[in-house]
Amino acid sequence: MKINSLIQLLVILEECPNPDAVVTELEQVLHSSGFEYYGLLRHLQQSPAQQASELRAASLAGRWPEQWLQIYAAKKYVRIDPMVRYLAHAQRPFRWRESMAAFHGDAHQRRMEQMMVDAFGHGLEDGYLFPIHGRGGILGSLSLGGKPIDLSPVEIALLEAVARKAFWRLLDLTGEAEALETVLPTETPLTRREMEILHYLAEGMTSMEISKMLKISNHTVDWYMNGLQDKLKAKNRQQAVALAFRHGLIS
């Protein structure tokens, strides 16, 4: 891998005028470095119950083997994917095979091995995963795969920087960075009543309509809504709903 290309990419990404340019520049360097496949993901905030079953993600950019994503979804590999499970606790970049070794003897080991066989059959023989962390935990990740490539510590460090730069540059250009940086404080969880009002608010109901549904006064509804806005650090009700969706409080 050409270290100079990675260093230059960090500068180029900052100057990219639109998301397409970011993706084009990223793909060119990754491909020239030997990585045929990749995925840059944003990980969505979710409840503990959702986190226990799977790690939800939204693709910012990527290129994977034909039909692999369909097989991955059809066989529900996300629920046992060793990389996904390892990523939930990883603080540093890791090689795919490291995650398999970490779950040796796991109850799902046979399914994990079958997933890796399926992946190998689609050209995903080996790879690396780079976590992207924020104040509230994991925000995203960059996964690189294809033929086996041995990276030096310097190359891994530079690719980790590239992952963060591409991730934040794409969010900046799409206007999502500010909202993602607004983290719901874990020490101020929403009450059951606040969640009820938030759901009704998301459905477009007015204070009057919500008060009738919950059989409380308009003033009480407004009081709860003001509290919601404070907890979510929202400027108005519309932004409170938008932030609730982004934080995975409602779906």
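For E125 and D150, calculate 0.36 nm times their separation in residues minus their Cα-Cα distance, and state this gained length in nm to one decimal.
Working: separation 25, 0.36 × 25 = 9.00 nm, distance 1.27 nm.
So the chain would gain 7.7 nm between E125 and D150.
Where only protein heavy atoms count, and the probe is 1.4 Å, what is the accessible area per residue for the chain in Å²? All intermediate terms of the calculation are to be shown ahead of the outcome.
On the way: 13720 Å² over 251 residues.
That works out to 55 Å² for each residue.
How many angstrom lie between the Cα centre of region 70-88 and the Cα centre of region 91-161?
Cα centroid to Cα centroid, the span is 12 Å.
Suppose only helical runs count, i.e. DSSP H with n ≥ 4. What mean residue ellipticity at 222 nm does that imply for the chain under -39500 (n - 2.57) per run, divided by all residues and rounded to the nearest 500 deg cm²/dmol?
My calculation for the chain gives -16500 deg cm²/dmol from helical runs alone.
Hey, rough spin-label estimate for M213 and Q28, points 7 angstrom out along Cα→Cβ, what's it come to in nanometres?
The modelled label-to-label distance comes out at 5.1 nm.
Which residue, I138, I80, S207, has the largest displacement toward the positive end of the dipole of the chain when charges sit on each Cβ (Lys, Arg +1; Asp, Glu -1)?
Result: S207, furthest along the dipole toward the positive end.
Based on the mean of other beta carbon atoms within 10 Å per residue, what is the order of 143-151, 209-217, most packed first?
Most protected by this proxy first, the peptides run 143-151, 209-217.
Quick check: at a probe of 1.4 Å, how many percent of the accessible area of the chain sits on carbon and sulfur atoms?
Details: 7240 of 13720 Å².
C and S fraction of accessible area: 53 percent.
The values are calculated or read from the model by the stated rules, or taken from the named source; none is laboratory data. Every value quoted in this text rests on a predicted model; they were computed, and no experiment measured them. We place every Cβ from the backbone using ideal geometry, glycine too, and count neighbours over all the protein chains shown. For accessibility, only protein heavy atoms count, side chains too; no ligands or nucleic acids. Shrake-Rupley method; radii C 1.70, N 1.55, O 1.52, S 1.80 Å.
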